[in-house]
Amino acid sequence: MNLMLFGAPGAGKGTQAKFLIEKYNIPQISTGDILRAAIVEKTDMGMEAKKFMDEGKLVPDSTIIGIIKDRLAESDCKEGFILDGFPRTLAQAVALSELMSNMGISLDKVISLNVPDELIVGRITGRRVCSKCGASFHVEFNPSKKEDECDYCGGELIIRKDDNAETVISRLNAYHDQTAPLIDFYTKMGVFVELDGTKDVSEVTADMLNALS
Ligand code: AP5
Ligand code: MG
């Protein structure tokens, strides 16, 4: 199963990806997580990407497309994958189509989690993420069982550097200007499914699994 989770920052892509990993036993490919790992490792690519991420802007297409090309070639993607936060521009979407066509595969579904902007700021500012596995929690809406400890791997929960009220505005602007046009692209491809992302986490999961069955 080749899936994509689509939606604004804070829509719940990372949260729902964890359920798809368990259900289908396929890897989550989050360009945000890959970039954050490169920043921790202080690679040249990570240091360059950091400038854009700290300002809530998109990292250049050439960097992102290179990351995805390498990642999809890895052996754990043979049975499928879950794209999370990629593609985010038309150029990335076109590059993905070419890449998948060369691999002889296609997208099964693009699941869009629809959440209005006014709910996004509260989600982002209350988020806590695992420093080890990247899992997302929320102090109010989706708390971890133990404070500051990840339910999945026991890693320390931290606040992402770009999770502040100012950066959220530029991330939302980037989403509306550069990413939302992809809705049309994937609707025309016949794979776009829209879900109400404002429901409780478990209800969104149920709707998503229903859409995929
Ligand atoms: P990235 O890491 O992808 O961040 P994002 O798209 O801004 O998305 P988020 O991770 O913020 O949100 P999410 O949808 O995963 O929500 P989550 O499940 O955590 O990208 C970061 C940066 O990297 C970008 O700004 C850019 O600079 C760069 N980048 C990455 N990919 C790129 C690309 N392809 N091209 C160019 N640049 C790129 O949930 C959010 C919160 O809400 C959590 O606290 C969660 O617990 C809570 N929550 C989840 N679901 C619910 C629910 N149903 N009800 C209530 N609360 C909920
Ligand atoms: Mg995420």
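Read-outs: derived from the displayed coordinates by stated rules, not from any lab. Predicted, not measured: the structure shown is a model, and the values here were computed from it. Here the Cβ positions follow ideal geometry from the backbone for every residue, glycine too, while neighbour counts run over all protein chains shown.
Some observations on this one:
- Of the DSSP H helices in the chain, those whose Cα atoms cover at least 15 Å axially and whose Kyte score averages 0.0 or more: 61-72, 90-103, 201-212
- Over the chain, dividing the summed -39,500 (n - 2.57) contributions of all DSSP H runs of at least 4 residues by the number of residues returns a 222 nm mean residue ellipticity of -14000 deg cm²/dmol.
- Restriction of the trypsin sites (Lys or Arg not before Pro) in the stretch 27-104 to DSSP coil positions whose beta-carbon has at most 13 other beta-carbons within 10 angstrom yields Lys42, Lys78.
- Compactness ratio for the chain: Cα radius of gyration over 2.2 N^0.38 Å (N = residue count) comes to 0.96.
- Point-charge dipole on Cβ atoms (K/R +1, D/E -1) for the chain, about Cα centre, debye to 20: 220 debye
- Furthest towards positive pole of dipole, Ser136, Cys153, Asn114, structure part the chain, Cβ charges: Cys153
- Tail beyond 18 Å, pair distance distribution of the stretch 102-213 (Cα, percent): 63 percent
- Estimated distance in nm for a label pair at Thr198 and Leu99, the labels positioned 7 Å out from Cα along Cα-to-Cβ: 3.4 nm
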